[in-house]
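Data block below; observations after.
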Amino acid sequence: MAIAVIEKAILIIPKTEQESLFRLLQSFQRLELIDASAESEQSFDSSPAEILQWKDSLHRIEKAQVILSTFLRSKAFQKLKDGRPVMTMLELENSAQQDGWEDICADVLTLDEKLDSLRKRRIKLNKLMTDWTPWKDLSFNPEAIVREFNYSDLYVGILKAADEPEFIEAFHSETAGLGHFESLFHRSEYIGAALFFPREKSADVKAFCKQYDFSPYNFPFDKMPAEMLEEWQFEEAEIIKEEANILEKLVILSPQKETLDLAEEFFSNLIVRADAHKFQAGTKSTTLVSGWIAKEDTGALKDLLQQEIKQPYCLQFSDVEENEIPAVPIILKNKKMIRAFESLTQMYSMPAYDEIDPTPVMTPFYLVFFGMMVADIGYGVVLLLATLLAKLWLNPDKPLKKSIDFFFYLSFPVIAWGAIYGSLFGISLPFTLLSPTTDIIPILILSLVFGWMQLMTGLAMNVYVKLKKKDILSAFSGGISWMALLIGLAILVISKTVLTNNILFIAGVIISVLAVLGIVLFPIAESKGHRVKGLMKGLYALYGATGYVGDLVSYTRLMALGVAGSSIAVAFNTIIASLPLPARVTLGILLAIVLHGLNLFLSMLGAYVHGIRLQYVEFFGKFYGGGGRKFSPFKTVEKHIYIHENESIITQKTEDLL
C-alpha cells in the first residue's frame, strides 16, 4: 500500500550552467518540473530560430524514416528478442552528430522526389497511350490534307458508338448526299470517324456535329500517333528501369533507418529540453528550477550535481505541505509481483497523495477471481508456458514486459483452480474437489463467500483510511458499523444453514441490531448542531444495505464464468469425439487447437473484464476515491532507445528493484 514519499526540490545555479543542468536533469529522468516562470524576471525560452531548425531537421528525418520503412524487412520478432538499444545521453549525442544522418536524409529525400517525379510522368504517359492508341492506324495528318483541298473540308473525331447509325443518316441529309462518312476504328463506347464534305457546308456541319457531341481530333504533336506511341512506350520502359534502380538504392539505404532513429531521438530530446525552459525562473545571473522528486532519489540527485556542476549552486529539499497535496504527483512503490498489477489501479485512477495504494490489497483477490473464472489446468499451463518463454527469450519494451508479467502471475491461480475443478482442457480428472457440472450450488456459495471477504476487506480499508485522517466518527459510521452488520448477517445465515444453534442466532441478531444503530446514530454525532440532518443522513445510509445485497450478488459471476468456460470446453471435446477415428487424429487435432484456443481467449477476456469490474465497483467503491496524478518526470523521449544513467553517479531505479 506504499506511495513513495515525495519531496520538493529547489535548485539555484549560475545562468552559465543552465544548459548543462537541463541536460543532466533530462538524463536523470526522476524529477518532475514545477512551473516557476511566473516569478521570473526574464524569459528563458530558447532561440525560436534554433528550435525551428531542430523541428525542420526532425521533420526531414521523420519523412525519410517513413520512406525507408517501406523498404525495410520486418524484424519485429528480432526486435522483441533483442530489445531496444540502451545508451547514455552522451553516446546518443555523439552518435547523432557523427553518423552522417544528414547525408542519409538528403539521399533518401532526393531519391524519393525523383521517384515521385518519374511515377507522375509514367501516369501521364499511360493516359496519353490510352487516349491515342485507338488512332495508331491513322496514316495521314488531317490538317495537312485539308490544306491541299480546294473545294472540300475534313473533320476527324470521335462519336458515341450508339449514335453511329443515326449520325450517318443525318450527316448525309445535312450534306445533301455530297458528304462521305469513313469509320476509322471501333470501341465499345465510341468510334473514330472521318467526315468529308463540301467546304460551303462547313458551318452547317460544325453545328450539326455539336448536336451529336462529335469531338474533333486534336493531336497536339508534330508526329503521327503511331510514331508518338512508339516513343512513349520507349520512354515508359526507360522510366521503369530508372524506377527499379532508385528502388534498389532505397533498399540498400533502408538499414540506415537505425541511424535516422537515433537522430530523431536526439532532436526530439533537444526540443523537449528547450520546451522545459519555460518552467524555470531566475534573474540575469541565476536560474531557479523546482520540481517533485521521490525522497529516495534525493541522494542520487545530490551526487549527480556535485560531480557535474562545477560552479557554486544551492540545492534544497522540503517536505510536502498540506496545501500542496492536490498537486503532488504519485509514484507507486511495490514489490515486483504487485507492480505487474499496478496498471489496473492506474486505469481506474491514481491514488491521491494522502490516500493509500489499493494495488497490494486488490492483487490477491484479482488473482483468485481470475483463476476461478478460467479454472482449467491445461489453459493455465498454456498461459504459463507462453509467458515463461516470452520472459526467457524476449526482451520487450517496458509496457509489454509488464503485461507478460501480469499474465505470468495469473497462470498460477488458473492452474490451481483447474486442479480444484479437476479440469484439463475440459476433460474431467479423477481428483475433483468441486465439479463445475455437478457442484454448482457449492461453487455459487463459495463465490458469495469470496465476495463477502472482499467487501469486509474494503470496509476494513475504509476504517484504516479514516483513522489515518483522524476521522474517528466517520470510521465507525462508514466502516466499523457496516462490518459489524455483515458479520452479524453472516452469523445469522450460518446459524440457520450450517450450524443450527439458537445462541449463535441470537448473537447474530444482537450484532446486527447494534450495527444498524451505529449506522443510524453515528451520523447524528458527526452532525454537531444539526441532529435532524444527521438522523436523516443515517437513515439514508441504512438504505444503502440494499446496495450490499447487489454487491454480493455481483460476485456470482465468479461461478457463472467458470462454469460457462468449462461447459464450452466439454462441448468442444464432444464435437471432436464425435468425428470418425481417422478424422479425429488428423483434423480433430487441428480443430481442438483452434476451438480450445478460442475458448481460452474468451475465458481470459471475460475473466479480465469481470475481474476488473468487481475491483472497481464492489471493492474500490468502499474505500478508494483516487483522483491522483501519475508522476511525469522531465525525461528523454525514448521512442527508439532507452537512456540509462551513469551508474557511478546514480543508484539503480526504484522500478527495477524487487
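The values are calculated or read from the model by the stated rules, or taken from the named source; none is laboratory data. What you are looking at is a predicted structure, and each value in this text was computed from that prediction instead of being measured. Don't worry about glycine lacking a Cβ; one is built from the backbone with ideal geometry, like all the others, and counts go over all protein chains shown. Areas reflect the complete protein model, heavy atoms only, side chains present, ligands, DNA and RNA absent. Shrake-Rupley method; radii C 1.70, N 1.55, O 1.52, S 1.80 Å.
Just a few scattered comments:
- Residue, least open to solvent (accessible area, probe 1.4 Å), within segment 625-642, restricted to residues that are within 23 Å of Ile6 (Cβ to Cβ) and among the hydrophobic types (A, V, I, L, M, F, W, C): Phe634
- Of all residues in segment 321-347 being in a loop (DSSP other than H, G, I, E, B) and crowded, with 16+ Cβ neighbours inside 10 Å, the one that is farthest from the chain's Cα centre (by Cα): Val328
- Count - residues of segment 429-446 that are of a type in the set (S, T, N, Q) and either out of contact with any helix residue (DSSP H, G or I) (no Cβ under 8 Å at 6 or more places or on another chain) or closer than 9 Å to Met559 by Cα (or both): 1
- Residue check: Gln78 meets all listed conditions (1) over 23 Å from Glu19 (Cβ atoms); (2) under 33 Å from the mean Cα position of the chain (by Cα); (3) surrounded by 11 or more Cβ atoms within 10 Å (Cβ to Cβ) but one, namely (3).
- Selection of first residues in segment 83-104 that are within 30 Å of Leu392 (Cα to Cα) and touching a residue at least 40 places away in the same chain (Cβ under 8 Å) and of second residues that are of a type in the set (Ser, Thr, Tyr) and not in a helix (DSSP H, G or I), restricted to Cβ pairs under 7 Å at least 6 apart or on distinct chains, gives the following pairs, ordered by first then second residue: Arg84/Tyr642; Val86/Tyr642.
- Within segment 4-19, residues that are on the phi < 0 side of the Ramachandran plot and without any contact (Cβ under 8 Å) to a residue 24 or more places away in the chain have Cβ atoms under 7 Å from residues that are of a type outside the set (Val, Ile, Thr) and open to solvent by less than 10 Å² (accessible area, probe 1.4 Å) in no pair, counting only partners at least 6 apart in sequence or on another chain.
- On the stretch given as segment 92-106, residues that are surrounded by 16 or more Cβ atoms within 10 Å (Cβ to Cβ) and either among the basic types (Lys, Arg) or under 20 Å from Ser254 (Cα atoms) (or both) total 6.
- Members of segment 116-143 found to be among the β-branched types (Val, Ile, Thr) and open to solvent by less than 60 Å² (accessible area, probe 1.4 Å), listed by number: Thr133
- Residues satisfying the stated conditions in segment 199-220, i.e. in a loop (DSSP other than H, G, I, E, B) and either open to solvent by 70 Å² or more (accessible area, probe 1.4 Å) or in contact with a His (Cβ under 8 Å, 6 or more places away or on another chain) (or both): Asp213, Asn218, Pro220
- Check on Gly621, part of a helix (DSSP H, G or I) and in contact with a Leu (Cβ under 6 Å, 6 or more places away or on another chain): no
- Applying a threshold of 8 Å to beta carbon distances and a minimum spacing of six or more residues, or different chains, the list of pairs starting in segment 490-507 at a residue that is within 16 Å of Val449 (Cα to Cα) and ending at one that is open to solvent by 100 Å² or more (accessible area, probe 1.4 Å) reads Ser495/Asn502.
- Meeting the requirement of 3 or more residues that are open to solvent by 20 Å² or more (accessible area, probe 1.4 Å) and not charged (D, E, K, R), the helices (runs of 4 or more DSSP H) wholly within segment 403-507 are 440-468, 481-497.
- Residue within segment 252-265 that is more than 30 Å from Leu52 (Cα to Cα), open to solvent by 20 Å² or more (accessible area, probe 1.4 Å) and in a helix (DSSP H, G or I) present: yes
- Residue that is surrounded by the most Cβ atoms within 10 Å (Cβ to Cβ) [pool: residues in segment 508-546 that are closer than 13 Å to Ser474 by Cβ and touching a residue at least 60 places away in the same chain (Cβ under 8 Å)]: Gly538
- Near pairs, Cβ below 8 angstrom, 6+ apart or cross-chain, from segment 308-320 (at negative phi and open to solvent by less than 40 Å² (accessible area, probe 1.4 Å)) to any residue that is of a type outside the set (A, V, I, L, M, F, W, C) and not in a strand (DSSP E or B): Ile309/Glu17; Ile309/Ser20; Val320/Tyr353
- Residues that are aliphatic (A, V, I, L, M), open to solvent by 30 Å² or more (accessible area, probe 1.4 Å) and over 30 Å from Ile415 (Cβ atoms) are absent from segment 617-624 altogether.
- Selected residue (criterion: nearest to Pro225 (Cα to Cα)) from residues of segment 179-198 that are surrounded by 19 or more Cβ atoms within 10 Å (Cβ to Cβ) and small (Gly, Ala, Ser): Gly192
- Identity of the residue in segment 1-18, modelled with pLDDT of 90 or more and either under 34 Å from the mean Cα position of the chain (by Cα) or of a type in the set (Gly, Ala, Ser) (or both), that ends up most open to solvent (accessible area, probe 1.4 Å): Val5
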